[in-house]
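> Take a look at the following structure, please.
The values are calculated or read from the model by the stated rules, or taken from the named source; none is laboratory data. Keep in mind that what you see is a predicted model, and the values were worked out from it rather than measured. A quick note on method: Cβ atoms are made from the backbone with ideal geometry, for glycine too, and the neighbour counts reach across all protein chains shown. Calculation scope for accessible area: heavy atoms of the full protein, side chains included, ligands and nucleic acids excluded. Shrake-Rupley method; radii C 1.70, N 1.55, O 1.52, S 1.80 Å.
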Amino acid sequence: MMENEDRDFEQLKLLFDYTKFHIGLYTTVATIFGGLYSASNTLPFKFNSGLLIGSVICILLAGIAGGTIASSIPGYSGYTRFWGAVIGPFRLRLFKAETWTYIEHSAFWLAVFLAVLSLLIHRAEDAPSAPHQKLTRSSTVMCVGLG
């Protein structure tokens, strides 16, 4: 009996560590996407900003789900009991813990899909301009004056 309880508690600890890792990953990915969005005018590639923002929103949802899981775990002594418990943020009881894990993973993979799609499908105004179009009138006059 004690062996099952120890195993159940160990599984809960592993879920907690796994979820903490995911939250760190989501924070990193959201920061990278925010940086890409901010530096979009200077990058050698372009992306669809709407899809990238959608990706960040999905990362946010994954983080909320992960945070809900991680912050709820300390109230339980075993994985089995936690997995079936109805939990939610701010003590709201919204979904089973198992459902929160599906929300977390689905939101993350949707974010990855949208981010990749944002690189493949971008609008004409998002496309990088040709190098010759980046010259200003003053630099053109200066080049002509040197020749």
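> Could you please report the charge total around Ala85, scoring K, R as +1 and D, E as -1 over all other residues with beta-carbon less than 15 angstrom from its beta-carbon?
With Lys, Arg at +1 and Asp, Glu at -1, the net is +2.
> Just to verify a number: FRET efficiency for Leu120 and Phe9, C-beta to C-beta distance, R0 = 41 Å, to 0.05?
Here the calculated transfer efficiency is 0.35.
> If amide hydrogens are placed 1.01 Å from N in the peptide plane, which non-local residues have theirs closer than 5 Å to the one on Phe95?
HN-HN under 5 Å from Phe95: Ile87.
> Could I ask something else about it? Find, among the trypsin sites (Lys or Arg not before Pro) in the range 1-105, those assigned to loop by DSSP (not H, G, I, E, B) with at most 10 other beta-carbon atoms within 10 angstrom.
Answer by residue number: Arg93.
> Explain nothing, just the number: dipole magnitude of the range 1-83 about its Cα centre with +1 on each Lys and Arg Cβ and -1 on each Asp and Glu Cβ, in debye rounded to the nearest 20.
Charge dipole of the range 1-83: 480 debye, to the nearest 20.
> Put a dot 7 Å past each Cα toward the Cβ at Phe45 and Leu60; how far apart are the dots in nm?
Reported label-point gap for Leu60 and Phe45 is 2.5 nm.
> What distance in nm separates the simple spin-label points at Tyr102 and Lys20, each placed 7 Å from Cα in the Cβ direction?
2.8
> With every protein chain present, what accessible area does Glu5 have (1.4 Å probe, heavy atoms only), rounded to the nearest 10 Å²?
For Glu5, solvent-accessible area is about 100 Å².
> Accessible surface of Leu36 in the full protein assembly, 1.4 angstrom probe, to the nearest 10 Å²?
Only protein atoms counted, so the area is about 50 Å².
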